[in-house]
Amino acid sequence: METTPTVPQPAHRPGGFAHLARPALVVGLVIVVISGLLLAVVLGLDAFTATVYSVGGKSISDPTPEAAALRDQYAGAKVAAIVGLVLGGVALVGAAVAMYATRGQDAEDDGGGLSFDELAGE
């Protein structure tokens, strides 16, 4: 009599989206680092522009259209960097909470792993 091999059912992953915690942690960290660097560069450029503008005796806080244009020059990049920091921070915190809540529950380990002796053929 011939037997057909049975396919094991996929293991249930406890915690719902917990298996996405590590990739979310990495993505959040990358977003936070890049956004932080972008914000640092933009703030440095903004300070440099204000310094160069004030060399001629003008002030960046003057109500002139030229000063207003210089103040608003990097506004979009600042907003984008701050939004990136917030979203990356939310991803980091969410992933950290998910990893902490599901610690010790390794869904990958079903106890059916091979020992060293079995791998070595002994």
Can you tell me which of Thr51, Thr64, Thr102 is among the polar types (S, T, N, Q) and surrounded by 14 or more Cβ atoms within 10 Å (Cβ to Cβ)?
Thr102
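Condition check ((1) within 30 Å of Val27 (Cβ to Cβ); (2) at pLDDT 85 or above; (3) within 31 Å of the chain's Cα centre (by Cα)) across all residues:
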{"position": "Thr64", "(1), (2), (3)": "no, yes, no"}
{"position": "Ala75", "(1), (2), (3)": "yes, yes, yes"}
{"position": "Gly84", "(1), (2), (3)": "yes, yes, yes"}
{"position": "Gly104", "(1), (2), (3)": "yes, no, yes"}
Which condition from (1) of a type in the set (A, V, I, L, M); (2) more than 23 Å from the chain's Cα centre (by Cα); (3) surrounded by 13 or more Cβ atoms within 10 Å (Cβ to Cβ) is the one that Val41 breaks?
(2)
Qualifying residue in segment 85-92 (condition: in contact with a helix residue (DSSP H, G or I) (Cβ under 9 Å, 6 or more places away or on another chain) and more than 30 Å from Thr102 (Cβ to Cβ)):
no
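Output the residues belonging to segment 67-78 that are open to solvent by 90 Å² or more (accessible area, probe 1.4 Å) and part of a helix (DSSP H, G or I).
Of the residues in segment 67-78, the ones open to solvent by 90 Å² or more (accessible area, probe 1.4 Å) are 71-73.
Within segment 67-78, just Arg71 meets the criteria.
The values are calculated or read from the model by the stated rules, or taken from the named source; none is laboratory data. These figures come from a predicted structure and were not determined experimentally. Methodologically, a virtual Cβ is constructed for each residue, glycine included, from the backbone with ideal geometry; neighbour enumeration extends over all protein chains shown. Calculation scope for accessible area: heavy atoms of the full protein, side chains included, ligands and nucleic acids excluded. Shrake-Rupley method; radii C 1.70, N 1.55, O 1.52, S 1.80 Å.
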